[in-house]
Amino acid sequence: MSENISVKKVGKDLYNYQKDALHRIFKAFENAPENYHLLYQLPTGGGKTVIFSEITRQYLKHYQKKVLIMTHRIELCKQTARMLGEFEVENKIIDSKASLDDQADYDCFVAMVETLNNRLNDDMLDISDVGLVIIDEAHYNSFTKLFKYFNKSFILGVTATPLSSNIKLPMNQNYDELLVGESIASLIENEYLARSEVYSYNVGLTSLEVGANGDYTVKSSEDLYTNSDMLSKLLRAYEERAKNTKTLIFNNGINTSLHVYDTFRRAGYPIAHLDNTNSKKERDAILKWFKETPNAILTSVSILTTGFDEPTVGSIILNRATKSLTLYYQMIGRGSRILPNKPTFNVIDLGNNFHRFGPWGADLDWQKMFRAPNFYLDNLLSDEEIENTFRYELPADVKKEFANSEDLYFDVKKVYTQTIQSGQSSKKVLEKSIEHHAKMCIENSEDVFDALILAKKLGSDIDDRIHRYSKCICKSTHNFIDWLRDDYRKKLNAYLRNNFDEVYEQIHGHPPPEEE
């Protein structure tokens, strides 16, 4: 059949890589036994719906069988139905309200998984003549329970990331073969997608817990991302990198998104919050506002990772951590639509996701990942390994207060190793750290009172050093770390009071100025 395919455009012109995909998919089906399951990978923004709409049109033209397209959300159902209409494919949406009395009049059906499952269980839908089943967002495993009904149909799954959303049900158990489409790098090079500019902010994530699904739990995420330090870091990151651009913020938890909404609204920025409890009317109104408002900010909870298309988005903020490569790619993909005046978009990462997965669009071996997903997942860096490579950076506003200091960094691990090797007690590490912090404060002060005020601004740096120290001595109970933090602050203040004049003279070569 591949020789007969005339990629005549009805609704949309197909790009060359899309035409190539069409030929490769039909060729795979031609040479395959019945009940063959083919998985096709193409990045978000590559036009998967366009490709499978044209596949549907060509299939119906050349075969005397019907096509069924499955999605996991009602919005995707409607988008797919509209796209099929552009390709002049008459189709019927099977939702909970749909009458099936006229099903014989249609050759193409679009259905949500749960609704379809119910209709098939009730034996209300005639699928005896369905020759091709297309599964959108195939990495969701809600589809696999329906495969038993289609043991004589070709099944085509399409996804941007051929990694299962359920680590216990790998894709290679449900699909016979993976076809890899155009890469993100090639789509950027040929100006089909915008290039991402990534800004990664080091975030301490070791308090996060992983749930049964293999990703971080909402509760542990909310505990971390609703604290005032993290909300301040988010606002600062937005102001440094995304201000005056249309921005999407992704969170793990409704409560976090509401805190984000309040934080930005109080700072005077145009922001709206969206989650899956909003009614359709509310959702439509919010998305209309977002589309029409210059530099609007929309904070949400993963609800916009699929089926949402707003090309004017200039910045994506990952205000969450994830262990899911699929989610990482979906979130960033929401900003990748290209426009004449938008060759790039910003990605602000507040979840160490860049360090975990690498850059969006890196040269990933999808075939290897499809064949051996556990090998890939097992080799992801843990949060502790990621954070061990970080150097703590003082926030820009605090850094200004220490402008006279050349050396703001204290390598706890290195000093610990040197201290132990020289036969000294590990407590000596904290003494050396306190002396370093005190020197920073005195270098930027006229008197001991100034120095004590500056010491208070080092809270996050102190906490980082205590965290690293506790890892070195393998003691990390909450009570012990809280005590260490408190004790460190007291000793730093005492050191400043007792040694200010002496250290000041060492630094400047003369005693501090006399008070007037």
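Points to keep in mind about this one:
- Among 288, 323, sorting on how many other beta-carbon atoms sit within 10 Å of each Cβ, with the fewest leading, yields 288, 323.
- Applying both filters, DSSP loop and at most 11 other Cβ atoms within 10 Å, to the chymotrypsin sites (Phe, Trp or Tyr not before Pro) of the range 123-172 eliminates every site.
- For the listed peptides 328-334, 57-63, a ranking on the average number of other beta carbons within 10 Å per residue, highest first, reads 328-334, 57-63.
- Sites residue 78 and residue 152 - FRET efficiency at Förster radius 22 Å, r taken between beta-carbons, to 0.05: 0.15
- Loop trypsin sites (Lys or Arg not before Pro), the range 142-249, which have at most 14 other Cβ atoms in a 10 Å radius of their Cβ (DSSP): 152, 168, 243
- Span-rule helices in the chain, defined as complete DSSP H runs reaching 30 Å or more along the axis (Cα) with Kyte mean at least 1.0: none
- Potential lengthening of the chain between residue 16 and residue 36 amounts to 4.6 nm, from the contour at 0.36 nm per residue minus the alpha-carbon distance.
- Treating r as the C-beta distance of residue 96 and residue 477 and R0 as 56 Å, the FRET efficiency rounds to 0.60.
- Order of 322, 159, 144 under a 10 Å beta carbon neighbour criterion, fewest first: 144, 322, 159
- Local electrostatic count at residue 255 - Lys and Arg +1, Asp and Glu -1, tallied over other residues with Cβ under 13 Å: -2
- In the range 10-49, the trypsin sites (Lys or Arg not before Pro) that fall in loop regions by DSSP, at most 15 other Cβ within 10 Å: 12
- Other-chain or far-sequence residues with amide H under 5 Å of residue 157's (modelled H): 38, 39, 40, 135
- Extension gain for residue 397-residue 505 works out to 36.2 nm (0.36 nm per residue, less the C-alpha to C-alpha distance).
- For the pair residue 486 and residue 378, a Förster radius of 56 Å applied to the C-beta separation gives a FRET efficiency near 0.90, rounded to the nearest 0.05.
- Whole-Å distance, taken between Cα centres, linking the range 80-151 and the range 233-260: 38
- Legend: distances between Cα atoms for 12/288; 148/368; 233/414; 65/291; 48/148; 368/413; pairs beyond 31 Å are 65/291; 368/413.
- Segments 175-181, 272-278 sorted - mean Cβ within 10 Å per residue, highest first: 175-181, 272-278
- Packing order of peptides 122-128, 448-454, 41-47, 435-441, highest average first: 41-47, 435-441, 448-454, 122-128 (average count of other Cβ atoms within 10 Å over each peptide's residues).
- Potential lengthening between residue 228 and residue 191 on full extension [0.36 nm per residue; Cα-Cα distance subtracted]: 9.3 nm
- Charges were assigned to the Cβ only: +1 to each Lys and Arg, -1 to each Asp and Glu. The resulting dipole of the chain about its Cα centre is roughly 940 debye.
- Residue exposure sequence - 55, 188 - by fewest surrounding Cβ within 10 Å: 188, 55
Read-outs throughout are calculated quantities, based only on the coordinates presented, and are distinct from any laboratory measurement. All values derive from a computational prediction rather than experimental measurement. Backbone-built Cβ (ideal geometry, glycine too); neighbour counts: all protein chains shown.
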